[in-house]
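Novice: The structure under discussion is supplied below as structure tokens; questions concerning it will follow.
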Amino acid sequence: GLGEGPRVAWDDLRDAPADVRTQPNKILAHDTLPLTVSVHEDGSLRLLDLRSRSNVLSMQAHNGPATSVSVHPSGLQMLSGGVDGFVRTWDIRQQSMLFESHMHGGKLGEGCAAVSFHPTAPMLASGGADGRVNVLSMVPR
């Protein structure tokens, strides 16, 4: 059960002292690298190296809370969504934005609620508080 076995808590992964605005809204493990990816209430996107127990990337991904994150099956790109309604694709190696689109209107202070890469096709999807699900091709025209 959940109460059995050792548990690990790494408080030392933060760049700065704890702040209410840095609440993580979504956390996932990278499929192929020893990284944890997280998006936070302050709009930041972070990569945590599980081997060194250090924050290897912390950048402002959204204006307002970041709500969702996905890692591309190749392991080289991330997708994030936030209450600002934007969906952004990031290059992990270059630590830079590749694509952004305002895909969701705000409703009750919310924008984009969920993002995901397709596991095999060059597509991404997002869902928002506006009730819309958007599916985009990642093939350049």
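Novice: Per residue, how large is the accessible surface of the stretch 53-119? Use a 1.4 angstrom probe and give square angstrom. Provide the component values of the computation, followed by the final result.
Specialist: Working: 3050 Å² over 67 residues.
It amounts to 45 Å² per residue over the stretch 53-119.
Novice: Right, another one. Under the rule a/c < 1.5 gives rounded, and otherwise a/b versus b/c splits prolate from oblate, where does the stretch 61-115 land using the Cα gyration tensor?
Specialist: Working: a/c = 2.56, a/b = 2.09, b/c = 1.22.
Note, shape of the stretch 61-115 comes out prolate.
Novice: While we're on this one: Tell me, what is the 1.4 Å probe accessible area of Asp130, in Å² to the nearest 10?
Specialist: Here the residue's solvent-accessible area equals roughly 50 Å².
Novice: Does anything in the stretch 46-82 have its amide N under 14 Å from the 7 Å Cα→Cβ label point of Leu98, and if so which residues?
Specialist: Those under the cut-off are 70-80.
Novice: Take the alpha carbon gyration tensor of the stretch 25-98, find the square roots of its eigenvalues, order them as a ≥ b ≥ c, and report rounded if a/c is under 1.5; if not, report prolate when a/b exceeds b/c, else oblate. The partial results should precede the final answer.
Specialist: Numbers: a/c = 1.78, a/b = 1.41, b/c = 1.27.
It comes out prolate by the Cα gyration axes.
Novice: Let me ask something additional. Between Met138 and Leu28, what FRET efficiency follows from the Cβ-Cβ distance if R0 is 22 Å, with the result rounded to 0.05? Intermediate values should be presented prior to the final figure.
Specialist: On the way: r = 20 Å, r/R0 = 0.89.
That pair, Met138 with Leu28, gives E of 0.65.
Novice: Which trypsin sites (Lys or Arg not before Pro) from the stretch 32-136 combine a DSSP loop assignment with at most 12 other Cβ atoms within 10 Å? Write down the numbers at each step before the final one.
Specialist: Numbers: sites: Arg46, Arg51, Arg53, Arg88, Arg93, Lys107, Arg132; in loops: Arg51, Arg53, Arg93, Arg132.
Answer in residue order: Arg51, Arg53, Arg93, Arg132.
Novice: Work out, step by step, the length gained on full extension between Asp91 and Asp49: first 0.36 nm times the residue separation, then minus their alpha carbon distance; give nm to one decimal. Please list the in-between numbers first.
Specialist: Numbers: separation 42, 0.36 × 42 = 15.12 nm, distance 1.65 nm.
Fully extending the segment from Asp91 to Asp49 adds 13.5 nm.
Novice: Let me ask something else. Determine the order of Leu35, Leu76 by accessible area, beginning with the largest, at a probe radius of 1.4 Å.
Specialist: Working: Leu35 20, Leu76 65 Å².
Reading off the accessible areas and sorting them downward yields Leu76, Leu35.
The values are calculated or read from the model by the stated rules, or taken from the named source; none is laboratory data. This structure is a prediction, so every number in the text was calculated from the model and none was measured. We place every Cβ from the backbone using ideal geometry, glycine too, and count neighbours over all the protein chains shown. The protein model used for the area step is the full one, side chains on, heavy atoms only, and it has no ligands, DNA or RNA in it. Shrake-Rupley method; radii C 1.70, N 1.55, O 1.52, S 1.80 Å.
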